[in-house]
Structure formats: structure tokens, C-alpha cells
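Working notes, structure below.
The values are calculated or read from the model by the stated rules, or taken from the named source; none is laboratory data. Predicted, not measured: the structure shown is a model, and the values here were computed from it. Cβ: placed from backbone, ideal geometry, glycine included. Neighbour counts: every protein chain shown.
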Ligand code: MG
């Protein structure tokens, strides 16, 4: 099942995407609007289908309940391409590197990414598989992780490299407004093999920049979720970005940062394409 959030005739709702039609989820005759509430307690019935052409796709979780949790340097080739670029600390980490994106509002497929000219001159892209937590958990054993996952979506961990470097800590450079495109859908966990081993790609203006598999991780999903949940409760709707493969703009010589008008297409097999343009 593929879940999405959309707007139609000035009303927002969540729904199921099937055969190019969106089926709004409804409860007591009204459309369900909040994906996190739905993930917490799935309920409702399918409303009448609407052609995908007639709706505007929104981010599946427009307003995350708290910061988005991210993995740094979780693909070996990416860790190597970033060697010495942001910090001189570890190259390939021995333990997961966590940071967060402070994110008041994520943006959806088709929305414009603000480039924040005058704030950053080094805006970069990072395609990532995002885990959506489905069930609250503390100290989750590795063998229990699968049960705590609702599904997966695509994220673009847009990054201001100059701010990452200047402020030492990554929070600011990762958290500018609009720097978290998400979607277009959340695919249910059991719609793909576990752990997902899917093609993950990013194109900038149709030039393939990133190309890997989602299981090519230094720390796999069982390790990430289990380790994060040690002493820290994970909640339904929590979003965890599993890291980006090599091929980010900063990794090229000379670097290929984004410019105004660039179209960034993030793609993961079976989930879809998340396409955004930089303003
Ligand atoms: Mg990232």
C-alpha cells in the first residue's frame, strides 16, 4: 500500500495511491487529515477514487512531531568522498553518527526548494531512504525493529555546506526552511523485502549523480533503530534518514553545488520519484 497526503478542492487529506487514483481515507464521513494520527492508530475506510492528475501531492508528513533524525556518513563511498571537507574527524565511523534536521515543515513532491541566496552559496542535495516509525518503542531489540517500522519514503537532505562547515555542528546547515523535501508516498513496510534493498538514485537536471542500493549501509536499519532507541523512546511518525550514497555535489572536483533553476530528482525503486526545483 502507498499512502500519501494531498489537497483537492482546497481540502487536505491522506489517502491510498492505487492505479493512478487517490482514495481518501475517511472516518465518520470526513476525510482523515493527519498522517501521524493514522500511523498511531490506522482506521477508516476508502472514499471514492480521484485521478492523481486532479490532486496536489503534499509531503506525507508535513509537520513532523519533532526534529528529523539523520545518519551522517552511512555509506562508505560517501564517507570517503567527504573526507576532510566538513570536519577532520572520523572518515568511516565505528558507531552511527546522528544529527538532526530541525524541521517545522517538510515540503512535498513538486514544491520549490528555497535556495536562500545571501545565506548560503553551497546548497547541496542528498537522496536518502527515510524510515517512518510505526510503533512507540524504548530499548528495541534488533530482532524487534521490523515490527516498529510503518514504512519508508524518500527524502532529500538538502544541505548548506558552508553553514555546516562554518558552524561546526551540522544542525544549522541542514535546517534552513524548505530543506527537507519528502515523499511522494510512504510505502508500507511489507510491500518490499526486509531490509529493503532498492535502487536509490539522484539526478540533477537529468544527470545521474548518485546511484546505489538502500542496503549498502555501514549501519543497517536493525542497528540504527535498535541503537537509537536505547534510552530514547521512538514515536509513531518519527522520521529517520538513513544516510546518503556518494555523488553529492561537494564530493566532485570542482564541487557541483546547486544553482537556481536546477531540477533535483530523487528516486527509490518501488517508492517513486521526489522531484523539486531550486528557486
Ligand atoms: Mg544526509
(message) Looking only at the stretch 24-60, how many residues end up being under 11 Å from residue 13 (Cβ atoms) and within 24 Å of the chain's Cα centre (by Cα)?
(response) 9
(message) Just to check your reading of the model, which residue among 14, 69 is touching a strand residue (DSSP E or B) at 6+ places or on another chain (Cβ under 9 Å), on the phi < 0 side of the Ramachandran plot, part of a strand (DSSP E or B) and within 16 Å of the ligand (Cβ to nearest atom)?
(response) 69
(request) Specify which of the listed residues (187, 200) is in contact with a strand residue (DSSP E or B) (Cβ under 6 Å, 6 or more places away or on another chain) and within 16 Å of the ligand (Cβ to nearest atom). (result) 200
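Conditions (1) surrounded by fewer than 19 Cβ atoms within 10 Å (Cβ to Cβ); (2) in the same structural domain as residue 138 (by TED's automatic domain parsing); (3) away from the ligand (no atom under 16 Å from the Cβ), marked per residue:
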residue	(1), (2), (3)
220	yes, yes, yes
227	yes, yes, yes
231	yes, yes, yes
234	no, yes, yes
241	no, yes, no
245	no, yes, no
251	no, yes, no
(request) Would you check if residue 219 is more than 24 Å from residue 276 (Cβ to Cβ), modelled with pLDDT of 95 or more and under 18 Å from the mean Cα position of the chain (by Cα)? (result) yes
(request) Specify the residue that is surrounded by the most Cβ atoms within 10 Å (Cβ to Cβ); the eligible residues are those in the stretch 138-158 that are away from the ligand (no atom under 14 Å from the Cβ) and part of a strand (DSSP E or B). (result) 153
